[in-house]
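The values are calculated or read from the model by the stated rules, or taken from the named source; none is laboratory data. Predicted model only: the values in this text are computed from it and were never measured. Here the Cβ is made from the backbone with ideal geometry for all residues, glycine too, and neighbour counts use every protein chain on show. Keep in mind that these areas ignore ligands, DNA and RNA; they rest on the heavy atoms of the full protein, side chains included. Shrake-Rupley method; radii C 1.70, N 1.55, O 1.52, S 1.80 Å.
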Amino acid sequence: FNWPEHFANDVLPVDPTTKEEPADFPEVMIVVFGANDSQNIEKDGEILERLTPEWLEEYRSRVASTMDLLRHTDDERIVLWVGQPIMGPGSKVKGMDQLDHIYWEEAAKRPWVVYFDSWPFFSDAEGNYADELPSADGTVKGMRQPDNVHFSTSGGNRLSWAMLERLGELIDLSAW
């Protein structure tokens, strides 16, 4: 999927006459994707095998260009880039730690991008995958669907509240 094209055409369309974003540009964007990204990439007619050094270099380039695309001209937008959580056993989703490292490194180069590490919110005290964790009311609930990748409602709520808490450290959410 071509995220930069989607953002440019559908999310942040630029006025063709002024080359500026509309007045009601988003002040905050929360970006969450990557779980399906650990697959081969085609570049210039060549297939780059997933997670090889060449693949990681191209993936980094694509992440960087997407982050740059999301920058507002006056740096008035915050982009909260959410890293992928730990994936469960048998999920066949590999390399999320490598992708998260790329997100973290590239975000550190851009003051408008804040990296949010979701890994700790879905792991146990030793950093291992946890299928069940205490919810806000203290009851233990399942965090994932049976595929050990997609969130359950409780897992989605857990991530949402954590992201909002982090966003509240960056901007005033009191009016919300």
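Remarks
- Mean projected area (nm²) of the alpha-carbon convex hull when the chain is viewed from all directions: 12.5
- Listed residues 63, 28, 79, most fluctuating in the chain (Gaussian network, C-alpha, under 10 Å): 28
- The chain - accessible surface per residue (Å², probe 1.4 Å): 60
- ³J(HN,Hα), Karplus 6.51/-1.76/1.60, whole Hz, each residue of region 53-61, x for Gly, Pro: x, 5, 5, 4, 5, 5, 4, 4, 4
- Space enclosed by the convex hull of the alpha-carbon atoms of region 27-67, per residue, Å³: 75
- For residue 151, nonlocal amide neighbours, meaning residues 5 or more places apart or on other chains whose placed amide H falls under 5 Å from its own, are 145.
- Placing R0 at 30 angstrom, the Cβ-Cβ distance between residue 25 and residue 126 gives a FRET efficiency of 0.10 after rounding to 0.05.
- Inverse of mean 1/r across different Cα pairs in region 116-162, Kirkwood, Å: 10.6
- Integer Hz, Karplus 6.51/-1.76/1.60 couplings in order for region 158-174, x for Gly and Pro: 4, 5, 4, 5, 5, 5, 5, 4, 5, 4, x, 6, 9, 9, 7, 9, 4
- Distance between modelled label sites at residue 61 and residue 150, nm, 7 Å Cα→Cβ extension: 3.3
- Contact order relative to length of the chain, as percent, for alpha carbon pairs under 8 angstrom and 6 or more apart: 17
- Based on alpha carbons, the Rg and Dmax found for region 27-111 are 13.9, 45 Å.
- Along principal axes, Cα extents of region 77-176, largest first, whole Å: 37, 33, 21
- Share of carbon and sulfur in the accessible heavy-atom surface of region 1-147 [1.4 Å probe, %]: 50
- DSSP bridge pairs, the chain: antiparallel proportion in percent, nearest 5: 50
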